[in-house]
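Here is the structure we will look at, set down as structure tokens.
What follows draws every value from the coordinates through simple rules; no lab data is involved. Because the structure is predicted, anything quoted here is derived from the model rather than measured.
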Amino acid sequence: MYGLQGKMIAKPGQRDALLALLLEAPRGPAMPGCRLYIVSEVPAEPDAIAITEVWDDRAAHAASLQLERVRALISRARPLIAELGQPLELRPVGGQGLD
């Protein structure tokens, strides 16, 4: 499995709009190879959003970034983002819902 954990900072006052966009991804057609996609508020940082993803493998994640609906969502989200943190790559080894 391949995992990513990232953090982004929304422009002031734009966190809710950015959250809404990020939450569109799991509502659409299933993304092949995506096992887990969680979008979270960061209570200590009013403009921060954390994203946790688990994929079958790195190739499945890369393929998702080529989907037209994902590319369109990224384009719509960019104007709302003030800062992107460096993603942390993970190698999930198991857990509830991942076995």
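Structure data summary
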read-out: Residue-span extension gain [Ile38 to Glu83] - 0.36 nm each, minus C-alpha spacing; value: 14.3 nm
read-out: Binned Cα-Cα distances of the chain, short to long, each 5 Å bin given as a whole percent; value: 2, 12, 23, 25, 20, 12, 5, 0
read-out: Cα gyration tensor shape of the stretch 30-77, rounded if a/c is under 1.5, else prolate or oblate by comparing a/b with b/c; value: oblate
